[in-house]
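Visitor: First the structure, then my questions, so here it is.
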Amino acid sequence: MKTIGLISANYDSSSLGELTKDRTMASIPYGGRYRLIDFALSNLVNSGITTVGIIAPYNSGSLIDHIGIGNPWSLGRKTGGLFLMPGSVYGLKSEGSRFLLRDIVKNRKFFERDDADFVICMGSSDVWNIDFEPLIKQHSESSDPITMVFKKVPRGENHHGYFLETDEDGKVTSIAREGFGWSNYFADCFIIDRDYMEDFIDWFGALDHMDMIDILRDNLDTIDIGTFEFKGYLGKIYNAADLLKVNQAMTDYDIRNEVFCNPERLIFTKTQDEAPALFLPGSDVRNSVISAGCRIEGRVENSIIFRTVNIGKNAVVKNSVIMMHGEIGEGAVLDNVICDKYVTINEGIKIYGGDGDPIIIGKEKTI
């Protein structure tokens, strides 16, 4: 059954502060060398989906620079390929919303001009590696026009977003903003019959100011929605604490292997060539990711260090994320800090963020 993909990138999070001042969440750097959009694109392409639309926001410069015409994901092709589509200038007002109906209505031709059977709609800020083929198979064999993907989590109250309640047949009976105890956490991903998507636009087009998931929640008595459980690692990012936590998850051997080390399901990204990292005498690196081009003289612990970062002698970087081209001066101390690109921390400066409340330092700042 032919399936196309639609990635929503027209949303933001105010709690990410200066990290999203000039970029969408989709183009936030992640894991030492990636951008968040890489996971959505790679998951679709690895599942044989080669027609992909991205709904982009007004501040899409960094996103366009990163994805180009889609060559790293083999989407620079004559048939199908990558479609970068304009989103609503109003963006989304509600934290946790991903699928503004206005964006979908505005890009209706993406569905109309294709003969696909199904559309996989997904957000662009989740870190996971999912094979969509079982989802497509289950959906094609059901009579439900929509199937929502969820991950079962032990403490729903510690998560943001939507939660699904289901009956004994796996049909959605409730969509809520809160979940307690073991909960079905919506993975910002669903598959929908393409014809039904067009009907949905006709029926609810007047409500284009709403999120599509909120419309589904209010009309469960007339819409049958199935569910599909994803059992792998799902790193969802809504705020700065999530971004730090999901980055640090890459220091976990099992999670890193699952997400990045399946030869049949690689995560692709724009390639940047650098020399290997250099570890000088006196450097001390523990449970961290150090990217190419780095020069390490100090101590790094439980942190993610991006390309061409210099960490000076006797400097300490703990529980932090230092993005590309950072300069950490001699004797500086960073703990629970997220530094954007081209940040300079002068000698002897000490910055401590709270546990679960990291400090964000904006791009090109010097402290």
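The values are calculated or read from the model by the stated rules, or taken from the named source; none is laboratory data. Remember, predicted model here, so these are calculated numbers, not experimental data. When we count neighbours, we look across all protein chains shown, and the Cβ atoms used for this are built from the backbone with ideal geometry, even at glycine.
Visitor: From the set of residues in the stretch 331-367 that are free of Cβ contacts under 8 Å to residues at least 40 places away in the same chain and under 16 Å from ASP22 (Cβ atoms), which is nearest to the chain's Cα centre (by Cα)?
Guide: Going through the qualifying residues, I end up with CYS339.
Visitor: When the stretch 308-340 is examined, which residues are found to be closer than 21 Å to THR251 by Cβ and of a type in the set (D, E, K, R)?
Guide: Selection gives LYS318, ASP335, ASP340.
Visitor: Since GLU168 meets every condition but one in (1) under 25 Å from PHE230 (Cα atoms); (2) surrounded by 14 or more Cβ atoms within 10 Å (Cβ to Cβ), which condition does it not meet?
Guide: (2)
Visitor: Can I ask one more? Could you give every pair whose Cβ atoms fall below 7 Å, whose first residue belongs to the stretch 20-39 and is touching a residue at least 40 places away in the same chain (Cβ under 8 Å) and surrounded by fewer than 23 Cβ atoms within 10 Å (Cβ to Cβ), and whose second residue is of a type in the set (Phe, Trp, Tyr) and assigned to a strand (DSSP E or B), counting only separations of at least 6 or pairs across chains?
Guide: none
Visitor: When the residues of the stretch 192-246 are narrowed to those that are buried (at least 17 other Cβ atoms within 10 Å of the Cβ) and among the small types (Gly, Ala, Ser), which ends up farthest from the chain's Cα centre (by Cα)?
Guide: Selected residue: GLY226.
Visitor: Tell me yes or no: at least one residue of the stretch 225-241 is within 29 Å of GLY87 (Cβ to Cβ), part of a loop (DSSP other than H, G, I, E, B), of a type outside the set (Phe, Trp, Tyr) and in contact with a Leu (Cβ under 7 Å, 6 or more places away or on another chain).
Guide: yes
Visitor: Run GLY53 past the list (1) loosely packed, with under 15 Cβ neighbours inside 10 Å; (2) outside any loop (DSSP other than H, G, I, E, B) and report the number of the one that doesn't hold.
Guide: It fails just one condition, (1).
Visitor: Within the stretch 136-166, how many residues are among the charged types (D, E, K, R) and either part of a strand (DSSP E or B) or modelled with pLDDT under 95 (or both)?
Guide: Residues meeting the conditions: 5.
Visitor: Within the stretch 100-115, which residues are part of a loop (DSSP other than H, G, I, E, B) and more than 25 Å from the chain's Cα centre (by Cα)?
Guide: The answer is ARG113, ASP114, ASP115.
A quick yes/no check of all residues on (1) surrounded by 21 or more Cβ atoms within 10 Å (Cβ to Cβ); (2) without any contact (Cβ under 8 Å) to a residue 60 or more places away in the chain:
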| residue | (1), (2) |
| --- | --- |
| GLU264 | no, no |
| PHE268 | no, no |
| THR271 | no, no |
| GLY293 | no, yes |
| ILE296 | yes, yes |
